[in-house]
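I'd like to ask some things about the structure below.
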Amino acid sequence: MNNNDYNGYTNRATWNVVLWASNDGGLYDYLREMYDRMIMKDMDETEREQHIKANLMEWYGSTTPDGDKLEDADWFQIRETFDESYDFILDAYNL
C-alpha cells in the first residue's frame, strides 16, 4: 500500500470498508465464498476489484454502517487488502 494517509489506508472510507468487512463474521464468510467463486471464474485483479465493489455496495448500500461513503473508498487498495487476507484461497489456485 503506497498512500498511508489514514491508519495505513488512502482515506477513512477505505479503512472503514476494510474494518467493517474484517469484523463482521457474516460478511467475512460471504467474502470468502465470493473469493472462491471469483477464482473459479478466473477473474483477474480488475474483475475482482469490480466484483468486490459491486457486492459490498449491494451489502451496505451507499455507506458503511457508521456513515463513510463507499464512493469515496479506494477500491484498488481494498482489493489488494482482501487479496492478502484471502491469500490462502489464491494460493490454492496458484494465483
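Between beta-carbons, use under 14 Å as the cut-off and find the net charge around ASN55, counting Lys and Arg +1, Asp and Glu -1.
Result for the local shell: -1.
Consider a paramagnetic label point 7 Å from the Cα of GLU84 along Cα→Cβ; state which residues of the range 18-39 have an amide N under 17 Å from it.
Correct set: 18-23.
Nearest 10 degrees, 0 to 90: what angle lies between the long axis of helix 45-60 and the longest principal axis of the chain (Cα atoms)?
The angle comes out at about 50 degrees.
Continuing with the same structure: Could you please report the charge total around ASN23, scoring K, R as +1 and D, E as -1 over all other residues with beta-carbon less than 13 angstrom from its beta-carbon?
Combined, the nearby Lys, Arg, Asp and Glu give -3.
Still on this structure, I have one more. So what is the calculated 222 nm ellipticity per residue for the chain, using -39500 (n - 2.57) for each DSSP H run with n of 4 or more, over all residues, to the nearest 500 deg cm²/dmol?
Value at 222 nm, helices only, nearest 500: -20000 deg cm²/dmol.
Regarding the range 15-92, what is the average projected area of its C-alpha convex hull, in nm²?
Taking the Cα atoms of the range 15-92, their convex hull projects to 4.6 nm² on average.
Hey, what angle do you get for helix 12-23 against the long axis of the chain, alpha-carbon based, 0 to 90 degrees rounded to 10?
50
At a Förster radius of 30 Å, what calculated FRET efficiency corresponds to the Cβ-Cβ distance of ASN7 and GLU47, to the nearest 0.05?
Approximately 0.60, to the nearest 0.05.
Further question: Tell me the net charge near GLU80. Cut-off is 14 Å between Cβ atoms, GLU80 excluded, with +1 for each Lys or Arg and -1 for each Asp or Glu.
So the environment of GLU80 carries a net charge of -4.
So the label point goes 7 Å from the Cα of LYS69 along Cα→C-beta, right? Which residues of the range 9-30 then have their backbone N under 19 Å from it?
10-18
The numbers here are math on the coordinates, done by the rules we state, and not lab data. Since the model is a prediction, treat every value here as computed from it, not as a measurement. Glycine also receives a Cβ, built like all others from the backbone with ideal geometry; neighbour counts cover every protein chain displayed.
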